[in-house]
Structures are given as C-alpha cells and as structure tokens.
C-alpha cells in the first residue's frame, strides 16, 4: 500500500500579542481557554502574524523553519505514536509565552480536539527550540504571548497523497523487500571459509560465473522497544546458479552425487541451478523512521525450500555448432536451505552477506559444500 501524507499544519494562526509588556502576561491556568477574537493580522508565507512593538518574537530561521519543524514533528507523532487516521484536518489551538531568553513558557490548550491530539500538540510546542524574543520600543527583550494552530491531516489511499507526493516514513517499513544481485563462493567445510577443495578439485566453483538473484516480494517489521528496532519477516524467491569447472558433468544415483571429468566435447560451462521459496527472520536496527534517509543493519537467518533444480552444460561440437544439454533432477540436493545473514545499507541501497549453514547436497552423498553468498541489494518500501 502506498502511503500518502498531507500534513497540514496550517498555521492558521501564529499570533503574537499586540502589546509589549515589561513583565510576563498572566495566562489563565485552566487547561482549556475560551476562544478569543483574533487581532488584526498580517499574512507572511501563510502564517498569520500580529505586530508586537518594534519586533515580535520569532522562530529561529523564520516562518519557513517553523513550518518545517512542525511538519517533521507532526509526521513523527502520527506514524510513531498512533495508528489513527485524521482525514478532516483536526485542529488544536495552543497559547504560550516566549520569555526574555527565548524560552517557551507555560504552553496551554486554547481550544483542543481530543486528549490524544491535545497532548501531542503541547509536547510539540513545549519541545520547540528557543525563539528570538520580542523587544520593546527601546529594543529590550520582553515576554510575549503567542498562539499556534496545529492541524493534523492524514490521508491513506491507493493513489498516494492528494498533492501526488509519497509518504516515505512508516514505522513498519523494513529494508528487505526488493531485489538482490550477487555471486557465491563454495567453501569446503562449515565455518572453514576455505574455497580450495584440495582433495576434490571438481567441486571448486567459478565465483565470477556463479550468480545469486533474490526476489524479496514482501516484508513486515514488528516494532521492538522503539522505532529503531524491529523483528522482520516476509517471503520471496532465491535463484542460485553454481558454475563448476566446464569439463565436469554431474552424475548421481539414489545415494550419491559426483562431478565426473568429461573430455568428450568442448564444454564451455557446467552449471547447477536451484530455485527456492525463502523466508527471513531478522532483527533490524535503523537510525531513523525515514525509509530513504536511514542507515540500517539486519542480522538473522534466511530459510528456504527448494522448488526446482537442473544441471546445464553448454559448448561447441567439432564442426563449430553450439549445444546445450539440460538435465532436470534433484541431484541429491538438500531440500532445504538455511543461511546466516547480515545486511547493511543506507535507504534503498545496501549490501548483503549470506553464509550457508546447511550443505548444498544431502549429508553423506558427497563432500560438504557451504557457499558464501554476497552482493548488493535494492530495497523497496512497503
């Protein structure tokens, strides 16, 4: 599902009090104040401002910076703290003071919507950075009373946001769904990481011709502790091509499999191909809730079930004609795969390393082979 967000924090009223005061203006202590008639306003970048003395209080960087701050905070609240949808632009009016040091003083609800949004609005205002304080006629900083209107407006539909933008921050977005391309290197024993098969050189593969393509169709992350941690799972397909030395052909019976030297033809390639349905179970850490703007690390396991396999040999006859021989069989391949996985990256681009914890072939049918697979990943948000 595409997510689309129209955060309208329409600052329908960022007011600054019309009076310069030498001491703090008393703000009624009730939780909800009666709505007051707005004073005369001047429109600046869609923010209503009321002139106060020679210089009113202002957010550092001006109204554009204030708008960016509120956008970020409202987005974070909606997608971190609540699953609710607010399709009608629910508004919360907050009144607060800016002190002589620019500090935010005593934010209160002037007119609220409900307990959830009122609390969020107060937290957003309370955590604002220091403002530039208002000044009086002799340019001395003074306390000023100010008002903000925060609008929570969220649309979820299949087409995206009404303005055509696509919301990229989802607390359930994981970095697994997408495509992976890489190569593999056979090792001769579990955790040996030794690609040399001294006693069985026929099983030494050709890494540059041995490819891995993973199609990760679906992923979901279950939030743990905070937005930064999650447990992800999903499903996909893995297509693995292992190239052995060209002159070796695979032969097998019910209890064994072997690679036999065959010089009867001019062979160019000898490839074992397998396809698997896969399912990951990984812990993910990301530095932020934004899919496109976060570093991430995934670690866990990738399980799979073999659904297809064949052996393919290609070459040329003496007369120059090309041939391709394909033998469809199980070749005593292990029906399951179980890889230890580590994935790192930034946003949609990353790298993966998988190491087989199960041998390629069934135990006892031939020598152990534990491939190391690595490559790049292109992630798609879900």
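The values are calculated or read from the model by the stated rules, or taken from the named source; none is laboratory data. No experiment lies behind these values; they were computed from the predicted model shown. No Cβ is skipped: glycine too gets one built from the backbone with ideal geometry, and neighbour counts run over all protein chains shown.
Looking at segment 330-354 only, could you name the residues that are crowded, with 18+ Cβ neighbours inside 10 Å and part of a strand (DSSP E or B)?
Listed by number, the residues that qualify are 333, 337, 339, 341, 343, 345, 350, 352, 354.
Mind listing whichever residues of segment 217-226 are modelled with pLDDT under 90 and surrounded by 20 or more Cβ atoms within 10 Å (Cβ to Cβ)?
The answer is 221, and nothing else.
For segment 201-216: of the residues being touching a strand residue (DSSP E or B) at 6+ places or on another chain (Cβ under 7 Å) and more than 21 Å from residue 353 (Cβ to Cβ), which is surrounded by the most Cβ atoms within 10 Å (Cβ to Cβ)? Steps first, answer last, please.
Within segment 201-216, the subset touching a strand residue (DSSP E or B) at 6+ places or on another chain (Cβ under 7 Å) is 202-203, 205-216.
Add one more test, that the residue is more than 21 Å from residue 353 (Cβ to Cβ), and what stays is 202-203.
On the way: 202: 18, 203: 21.
Checking each candidate, the answer is 203.
Within segment 243-254, does at least one residue satisfy the condition of being within 19 Å of residue 301 (Cβ to Cβ) and either touching a helix residue (DSSP H, G or I) at 6+ places or on another chain (Cβ under 6 Å) or surrounded by 15 or more Cβ atoms within 10 Å (Cβ to Cβ) (or both)?
no
Taking segment 255-265, which residues are in a strand (DSSP E or B) and either surrounded by 14 or more Cβ atoms within 10 Å (Cβ to Cβ) or modelled with pLDDT of 95 or more (or both)? Walk me through how you get there before you give the answer.
Here is the first cut: in segment 255-265, the ones in a strand (DSSP E or B) are 257-261.
Answer for segment 255-265, where residues must be in a strand (DSSP E or B) and either surrounded by 14 or more Cβ atoms within 10 Å (Cβ to Cβ) or modelled with pLDDT of 95 or more (or both): 257, 258, 259.
Taking the condition of being surrounded by fewer than 16 Cβ atoms within 10 Å (Cβ to Cβ), in a strand (DSSP E or B) and either in contact (Cβ under 8 Å) with a residue 60 or more places away in the chain or over 10 Å from the mean Cα position of the chain (by Cα) (or both), how many residues in segment 286-299 meet it?
Quick first cut of segment 286-299, residues surrounded by fewer than 16 Cβ atoms within 10 Å (Cβ to Cβ) only: 287-288, 292-293, 295, 299.
Among the residues that remain, those that are also in a strand (DSSP E or B) are: 295, 299.
When the remaining residues are screened for being either in contact (Cβ under 8 Å) with a residue 60 or more places away in the chain or over 10 Å from the mean Cα position of the chain (by Cα) (or both), the result is 299.
Qualifying residue count, segment 286-299: 1.
Might you let me know whether segment 282-294 holds any residue that is more than 20 Å from residue 228 (Cα to Cα) and either modelled with pLDDT of 95 or more or outside the structural domain of residue 184 (by TED's automatic domain parsing) (or both)?
At the first step, the residues of segment 282-294 found to be more than 20 Å from residue 228 (Cα to Cα) are none.
Within segment 282-294 (the criterion being more than 20 Å from residue 228 (Cα to Cα) and either modelled with pLDDT of 95 or more or outside the structural domain of residue 184 (by TED's automatic domain parsing) (or both)), the answer is no, since none of the residues qualifies.
When segment 124-147 is examined, which residues are found to be within 41 Å of the chain's Cα centre (by Cα) and either assigned to a loop (DSSP other than H, G, I, E, B) or more than 21 Å from residue 61 (Cα to Cα) (or both)?
Hits for segment 124-147 are 127, 128, 129, 130, 131, 133.
Quick one: which of 231, 281, 302 is closer than 30 Å to residue 175 by Cα, surrounded by 16 or more Cβ atoms within 10 Å (Cβ to Cβ) and in contact with a strand residue (DSSP E or B) (Cβ under 9 Å, 6 or more places away or on another chain)?
Details: 231 fails: surrounded by 16 or more Cβ atoms within 10 Å (Cβ to Cβ); 281 fails: surrounded by 16 or more Cβ atoms within 10 Å (Cβ to Cβ).
Exactly one of 231, 281, 302 is closer than 30 Å to residue 175 by Cα, surrounded by 16 or more Cβ atoms within 10 Å (Cβ to Cβ) and in contact with a strand residue (DSSP E or B) (Cβ under 9 Å, 6 or more places away or on another chain), namely 302.
Kindly indicate whether residue 370 is crowded, with 17+ Cβ neighbours inside 10 Å and more than 24 Å from the chain's Cα centre (by Cα). Steps first, answer last, please.
Details: crowded, with 17+ Cβ neighbours inside 10 Å: yes; more than 24 Å from the chain's Cα centre (by Cα): yes.
Yes; evaluated as a whole, the condition is true for this residue.
Is there a residue being over 30 Å from residue 378 (Cα atoms) and at pLDDT below 90 anywhere in segment 153-176?
Filtering segment 153-176 down to residues over 30 Å from residue 378 (Cα atoms) leaves 153.
If we keep only those that are at pLDDT below 90 too, we end up with 153.
Looking through segment 153-176, at least one residue is over 30 Å from residue 378 (Cα atoms) and at pLDDT below 90.
Please state which of the following conditions residue 346 fails to meet, knowing it meets all the rest: (1) within 21 Å of the chain's Cα centre (by Cα); (2) closer than 17 Å to residue 212 by Cβ.
Result: residue 346 passes all but (2).
Check residue 198 against each of (1) touching a helix residue (DSSP H, G or I) at 6+ places or on another chain (Cβ under 7 Å); (2) surrounded by fewer than 16 Cβ atoms within 10 Å (Cβ to Cβ) and name the one condition it does not meet.
Going through the list (1) touching a helix residue (DSSP H, G or I) at 6+ places or on another chain (Cβ under 7 Å); (2) surrounded by fewer than 16 Cβ atoms within 10 Å (Cβ to Cβ), residue 198 breaks only (1).
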